[in-house]
Amino acid sequence: LPLVESGGGLVQPGGSLRLSCAAPGFDTDYYDVAWFRQAPGKEREGVSCISRLGGKKNYEEDVKGRFTISRDNARGMAYLQMNGLKPEDTGTYYCAAGPATWHCLTEAASYNTWGQGTRVTVSS
């Protein structure tokens, strides 16, 4: 797979995790990048996205102020810093890349390259 996520794990409520998305051999300069998540028994939902040069960032309402998306095109990496984690943040988190737009979208249809996911569990 061209995208590889890492950084998931078990964390207590209120804790933090930093997810990483590696794109070896993938020219991320021309792609928007997004993070999605899927909780058990629920549909996949968009969490955050970042435009190809990092100038535009969007967040879903329930993660605003807690999550921060970033990218390092020189390294072919994208990140999702997650603070103040809640049990409802539990799920498998996926990194995705898609053709660059004027502003990124947190809609799955906008992305054509996906990783295998990394599991995040928030529990005491």
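Note on exposure: 45, 107, 61, 5 ranked by accessible area (1.4 Å probe, complete protein assembly) read 61, 107, 45, 5, with the most exposed listed first. Ordered from highest to lowest accessible area with the whole protein assembly present and a 1.4 Å probe, 59, 30 read as 30, 59. Entry note, the chain: relative contact order of 38 percent, from Cα contacts under 8 Å with a spacing of 6+ residues.
What is the sum of charges around residue 21, taking Lys and Arg as +1, Asp and Glu as -1, for the other residues whose C-beta is under 10 Å from the C-beta of residue 21? Once all neighbours under 10 Å are counted, the net charge is 0.
Using a probe radius of 1.4 angstrom, the carbon and sulfur fraction of the accessible surface of the chain is 49%. Given +1 at the Cβ of Lys and Arg, -1 at the Cβ of Asp and Glu and no other charges, the dipole of the chain around its Cα centre is 240 debye to the nearest 20. Solvent exposure of region 1-100, expressed per residue, is 49 Å² of accessible area, with all protein chains present and a 1.4 angstrom probe.
Scanning the chain for cysteines with no neighbouring cysteine C-beta under 4.7 angstrom from their C-beta gives an empty result. In summary, the chain shows an alpha-carbon radius of gyration equal to 0.96 times the 2.2 N^0.38 Å reference for compact globular proteins. DSSP beta bridges fully contained in the chain are about 90 percent antiparallel. Comparing 30, 83, 49 along the charge dipole axis of the chain, the residue lying farthest to the positive side is 83, per the Cβ-charge model. Points 7 angstrom from Cα along the Cβ direction at residue 12 and residue 62: gap in nanometres? Distance between the two pseudo-spin positions: 2.4 nm. If R0 is 30 Å, the Cβ-Cβ spacing of residue 86 and residue 107 corresponds to a FRET efficiency of close to 0.80.
The values are calculated or read from the model by the stated rules, or taken from the named source; none is laboratory data. Only a predicted model underlies this, so the values are computations on that prediction, with no experimental measurement involved. So basically every Cβ, Gly included, is an ideal-geometry build from the backbone, and we count neighbours across all protein chains shown. When the accessible area is computed, the model is the full protein with side chains, heavy atoms only, and any ligands, DNA or RNA have been set aside. Shrake-Rupley method; radii C 1.70, N 1.55, O 1.52, S 1.80 Å.
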